[in-house]
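The values are calculated or read from the model by the stated rules, or taken from the named source; none is laboratory data. Because the structure is predicted, anything quoted here is derived from the model rather than measured. All Cβ positions, glycine included, derive from the backbone under ideal geometry; neighbour counts span all protein chains shown. Protein only, heavy atoms only, side chains kept; ligands, DNA and RNA dropped before computing areas. Shrake-Rupley method; radii C 1.70, N 1.55, O 1.52, S 1.80 Å.
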Amino acid sequence: MTETKFKAPENGPHAIHPWSVRKGYADEHFLSDYRFQFPREDRSLPEVFLYTERMSYDPGETVEFHGSTTADKWSMHIYRDGHRPVMMEEKSDLPGSFTKTSETPYEDGCDWPVLYRWQIPADAPSGFYRVASTCLRPDGQRFVQHHFVVVRPKRGPKKGRILMMLATATWTAYNDWGGANHYFGTWGPNRNESAPILSMRRPWTRGMLWLPKGAARITVGELPRMGDAPRYPSKEWGYSGGWGQFYAAAGWAQFDRHFAVWAESEGYEIDYITQTDLHFRPEILDDYDCLTSCGHDEYWSWDMRKTVERFVEKGGQFARFGGNFVWQIRLEKDGAEQHCWKAKADAQDPVRNDPGRRHLLTTGWDAAAVNWPGATTVGVNGANGIYASWGGFAPRGSRGFTVYRPWHWIFDGTDIRYADVFGEEAQIFGYEVDGLDYTFRQGLPYPEEGRGTPESVEILAMTPATLYEYEHEGEGERYYIADRDLEGVARKAGGAREAALARYKHGSGMVVAMKRGAGEVVTAGSCEWIMGLTRRCEHTMQITRNVLDVFTGKADRP
């Protein structure tokens with residue numbers, strides 16, 4: 001292990017230019033110029049791609065890296081990422097080996113041979129281990145591709161430690177390497193549909209695991225002037241630099257890493273797992289008092305939710321600093337595939353006609369067949385929140401949260417008062433948020449009854465959000481999610497299209513707290529909460545500290 005003079009392998013001249021990604025077919029609804037990363041398979045432009053059979057491993061296990069490269073030689077660096085990165089393995093001049101890729105690797109996976117094996121040291125700490133594979137091109141540029149493995153914690157009581165669950169189901173949903181994800185793609189008879197089945201046995205698209213400092217986010221930084229066209233910074237920046245079309249929507253680089261780096265810098269001791277671990281290894285939670293997640297955690301399985309609810313019922317604490325709790329997934333073939341049929345579920349999901357499994361229909365949690373709103377687990381619903389702070393989605397709305405119950409213990413030491421707004425300078429509100437139906441009584445918001453919302457939920461802070469961009473006519477204007485094309489959004493909410501759209505047209509993002517059994521949940525329902533930590537917002541940081549300190553036992557509950 002190398003702890004000093006760490007030099008990131010990403011430094012140096014390298015790029016994947018826009019013309020190195022394949023062009024997809026236009027979707028008739030979204031009019032997309034869909035592009036995606038796929039091997040060139042051209043020896044004059046060497047590349048190297050890797051994947052692993054699993055996302056996570058135990059210390060002492062051997063990781064097999066499957067790969068294909070058109071380079072004669074390639075190199076690999078493996079390092080534990082975080083506040084202080086630590087180099088774990090460096091190998092140069094590894095022999096190249098090329099294997100052709102199928103036309104649908106997003107669904108089939110890549111049937112590549114093992115190019116390298118790495119035995120994880122028996123004393124390796126739990127963490128996110130980034131893998132950078134590189135090769136030189138004739139012009140001197142370096143091609144760089146990123147992969148990762150998570151090293152799980154060893155079993156045993158972890159008093160005072162935090163178990164961080166990475167939102168890997170959402171990462172998978174947005175990973176379009178090879179031609180498709182759960183949003184767009186080349187699936188279907190006309191090769192213009194999103195893929196309901198995604199393989200875990202493929203590389204990750206560029207930008208999901210590593211980004212340079214200053215990479216554009218989905219939210220718009222500067223408030224638009226009157227009459228300005230809608231802006232989509234991540235699309236503009238991503239296209240010009242050849243980054244994945246969905247690099248900004250999910251992933252370690254854009255979300256989870258921000259929390260991990262901040263928390264480690266604050267001295268919190270953190271162990272890491274994936275959502276796949278939560279699904280298949282629920283016993284891991286038995287060793288911890290505090291579970292946390294952050295950023296964009298949109299996709300969960302039935303078993304993941306049940307595991308977290310049991311954990312909290314028994315006295316565990318769940319701190320969720322993220323938003324967009326929307327979709328049910330299924331993990332099939334021992335976790336090698338992720339299924340989410342979304343708007344196609346009622347007609348095509350294989351479990352739709354199975355009475356014993358219909359509750360596992362991969363659609364929105366609010367849909368009639370599932371009928372398990374997210375609020376029962378995390379205190380808020382994705383369908384009651386939706387979008388803010390980008391494009392036509394409240395582009396001049398508040399970028400922070402308005403406080404309604406400043407006396408709650410999460411605000412201790414913040415000097416916050418009723419009706420104060422915090423986090424606006426750091427722009428912590430967006431791009432997707434979670435909320436509830438609510439009503440006001442004597443100046444305070446209360447959740448409406450029903451829809452799975454526990455009676456113990458307290459709304460501590462909130463800000464409006466919207467499902468619609470409210471398209472304005474203007475020369476040259478183009479909207480990312482046209483208001484007329486919200487069929488999928490309506491289906492994830494459940495019910496008839498028009499009724500569902502009317503029901504969820506206006507929403508909110510909320511900070512809530514709720515008791516459940518012997519435990520407690522605090523949710524800050526915004527994907528961008530983590531930017532309050534990176535941008536050093538005093539209030540956001542203190543609130544986060546309060547939650548973590550109480551939930552880990554470092555501070556007494558007020």
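Take ALA215 and tell me if it is under 27 Å from ASP81 (Cβ atoms), without any contact (Cβ under 8 Å) to a residue 40 or more places away in the chain and crowded, with 18+ Cβ neighbours inside 10 Å. Give the derivation first.
On the way: under 27 Å from ASP81 (Cβ atoms): yes; without any contact (Cβ under 8 Å) to a residue 40 or more places away in the chain: yes; crowded, with 18+ Cβ neighbours inside 10 Å: yes.
Yes; evaluated as a whole, the condition is true for this residue.
Residues of segment 340-374 that are closer than 21 Å to GLU107 by Cα and of a type in the set (Val, Ile, Thr): VAL351, THR362, THR363. Across segment 323-338, the number of residues qualifying as open to solvent by 20 Å² or more (accessible area, probe 1.4 Å) and at positive phi comes to 2. Set side by side, the residues THR377, THR453, THR402 differ, and just one is among the hydroxyl-bearing types (Ser, Thr, Tyr) and under 24 Å from ALA502 (Cβ atoms), which is THR453. Residues in segment 207-245 that are at pLDDT 95 or above and closer than 15 Å to ALA173 by Cα: GLY207, MET208, LEU209. Checking each residue in segment 125-143 for being under 22 Å from LEU50 (Cα atoms) and modelled with pLDDT of 95 or more picks out SER126, GLY127, PHE128, TYR129, ARG130, VAL131, ALA132, SER133, THR134, CYS135.
Tally up the residues in segment 337-379 that are in a loop (DSSP other than H, G, I, E, B) and of a type in the set (Val, Ile, Thr), please. Can you show your working first?
Pass one, segment 337-379, residues in a loop (DSSP other than H, G, I, E, B): 340-341, 349-357, 361-363, 365-374, 379.
Next, from what is left, pick out any that are of a type in the set (Val, Ile, Thr): 351, 362-363, 370.
Residues meeting the conditions: 4.
Counted as qualifying within segment 34-138 are the strands (runs of 3 or more DSSP E) with 1 or more residues that are more than 30 Å from LYS154 (Cα to Cα) and either touching a residue at least 40 places away in the same chain (Cβ under 8 Å) or open to solvent by 30 Å² or more (accessible area, probe 1.4 Å) (or both), namely 35-37, 48-52, 62-69, 73-80, 86-95, 127-136. All of (1) outside any loop (DSSP other than H, G, I, E, B); (2) in contact with a Ser or Thr (Cβ under 8 Å, 6 or more places away or on another chain); (3) crowded, with 21+ Cβ neighbours inside 10 Å; (4) not aliphatic (A, V, I, L, M) hold for GLY382 with one exception: (2). Of everything listed in (1) under 18 Å from GLU264 (Cβ atoms); (2) modelled with pLDDT under 95, the single unmet condition for HIS506 is (1). Among the residues in segment 324-333, are any among the basic types (Lys, Arg), more than 20 Å from the chain's Cα centre (by Cα) and farther than 18 Å from ALA173 by Cβ? No, segment 324-333 contains no residue that is among the basic types (Lys, Arg), more than 20 Å from the chain's Cα centre (by Cα) and farther than 18 Å from ALA173 by Cβ.
Can you work out which of the residues in segment 386-426 that are at positive phi and in contact with a helix residue (DSSP H, G or I) (Cβ under 6 Å, 6 or more places away or on another chain) is most open to solvent (accessible area, probe 1.4 Å)? Here the residue is GLY413. Condition (residue is touching an Asp or Glu at 6+ places or on another chain (Cβ under 6 Å) and either open to solvent by less than 10 Å² (accessible area, probe 1.4 Å) or in contact (Cβ under 8 Å) with a residue 40 or more places away in the chain (or both)) applied to segment 344-359: is it met by at least one residue? Within segment 344-359, not a single residue is touching an Asp or Glu at 6+ places or on another chain (Cβ under 6 Å) and either open to solvent by less than 10 Å² (accessible area, probe 1.4 Å) or in contact (Cβ under 8 Å) with a residue 40 or more places away in the chain (or both).
Among what's in segment 437-460 and is under 21 Å from GLY519 (Cα atoms) and in contact with a helix residue (DSSP H, G or I) (Cβ under 9 Å, 6 or more places away or on another chain), pick the residue that is modelled with the lowest pLDDT. Of everything passing the filter in segment 437-460, GLY452 is modelled with the lowest pLDDT.
Looking only at residues in segment 526-558 that are in contact with a Lys or Arg (Cβ under 8 Å, 6 or more places away or on another chain) and assigned to a loop (DSSP other than H, G, I, E, B), which one is surrounded by the most Cβ atoms within 10 Å (Cβ to Cβ)?
Let us first name the residues in segment 526-558 that are in contact with a Lys or Arg (Cβ under 8 Å, 6 or more places away or on another chain), namely 528, 531, 548, 550, 552-553.
Filter again for assigned to a loop (DSSP other than H, G, I, E, B), leaving 528, 553.
Numbers: GLU528: 30, GLY553: 13.
Applying the filter and picking the extreme gives GLU528.
Within segment 158-184, residues that are without any contact (Cβ under 8 Å) to a residue 60 or more places away in the chain and of a type outside the set (Asp, Glu) have Cβ atoms under 7 Å from residues that are in a loop (DSSP other than H, G, I, E, B) and open to solvent by 10 Å² or more (accessible area, probe 1.4 Å) in no pair, counting only partners at least 6 apart in sequence or on another chain. The condition of being at positive phi and assigned to a loop (DSSP other than H, G, I, E, B) holds for only one of ARG201, ARG155, ARG206, ARG191, that being ARG191.
Do the conditions hold for PRO157, that is, is it open to solvent by 10 Å² or more (accessible area, probe 1.4 Å) and more than 23 Å from GLN348 (Cβ to Cβ)?
Numbers: open to solvent by 10 Å² or more (accessible area, probe 1.4 Å): yes; more than 23 Å from GLN348 (Cβ to Cβ): yes.
In short, yes.
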